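This report concerns only the one structure given below.
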Amino acid sequence: MATTPVSTDEITVLQGALAAEYAAVYGYGVVGAYLSGQERGAAMSDWQLHQDARDTLTGMIGKLGGTPVAASAAYDLPFSVDSVASARRLAAVIEEGVTRAYLGVVAVGNAKVRTFGALAMQGPANRAIAWGGSPTAFPGMTSAPAGAATDR
């Protein structure tokens, strides 16, 4: 069975998802500093999930012939984080950003890469809702996925 070659554009969108994962790892370091108890545990779990996704994307891009983008030394946060409430809001914003990055991957022509993006965006979309983000219906859906919202 022949495989469809991956284009430079497809590697570029994977690089965008990798950049979003790097930013998420950084951002969860800030989020975790303001949370305690069960919420801190959830943030640490999400932080680890983003590290795993970062590693998966790094390996994937390399196997497809690309050179993975490097992480930045620091990232600008979209707003000041100085409380539990703003930390929760940052977690939701992080997850929404990662979801958008994977949505770009879903738009590529290569079916394997597109499937990867579709599966990879489900976790961040659900975590965004769990952190209090606003659910957005995906094309073909009239509302957020059933069971997507969980309390943190």
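The values are calculated or read from the model by the stated rules, or taken from the named source; none is laboratory data. Nothing here was measured: the structure is a model prediction, and the numbers come from that model. Here Cβ is always computed from backbone atoms with ideal geometry, including for glycine, and neighbour counts include all displayed protein chains.
Residues that are farther than 16 Å from Gly29 by Cα and in contact with a helix residue (DSSP H, G or I) (Cβ under 8 Å, 6 or more places away or on another chain) within the stretch 66-96 comprise Gly66, Thr67, Pro68, Val69, Glu96, listed in sequence order. State yes or no: is Gly59 surrounded by fewer than 19 Cβ atoms within 10 Å (Cβ to Cβ) and at positive phi? For Gly59, the condition - surrounded by fewer than 19 Cβ atoms within 10 Å (Cβ to Cβ) and at positive phi - is not met. When the stretch 79-99 is examined, which residues are found to be over 11 Å from the mean Cα position of the chain (by Cα) and under 18 Å from Ala19 (Cβ atoms)? Selection gives Leu90 alone. Would you check if Val30 is assigned to a helix (DSSP H, G or I) and touching a residue at least 60 places away in the same chain (Cβ under 8 Å)? Yes: the conditions hold for Val30. Among the residues examined, Thr99 qualifies as part of a helix (DSSP H, G or I) and either over 23 Å from Pro135 (Cβ atoms) or of a type outside the set (Asp, Glu) (or both). Screening Val108 against (1) surrounded by 14 or more Cβ atoms within 10 Å (Cβ to Cβ); (2) modelled with pLDDT of 95 or more leaves a single unmet condition, (2).
Taking the conditions exactly as written (surrounded by 13 or more Cβ atoms within 10 Å (Cβ to Cβ) and under 30 Å from Thr8 (Cα atoms)), does Ala87 satisfy them or not? No; evaluated as a whole, the condition is false for this residue. Checked across the stretch 63-71, the condition of being assigned to a helix (DSSP H, G or I) and closer than 17 Å to Val113 by Cα holds for at least one residue. Taken together, the residues in the stretch 62-84 that are of a type outside the set (D, E, K, R), loosely packed, with under 15 Cβ neighbours inside 10 Å and in contact with a Phe, Trp or Tyr (Cβ under 9 Å, 6 or more places away or on another chain) amount to 5. Residues of the stretch 33-60 that are outside any helix (DSSP H, G or I) and farther than 21 Å from Ile129 by Cβ: Ser36 alone.
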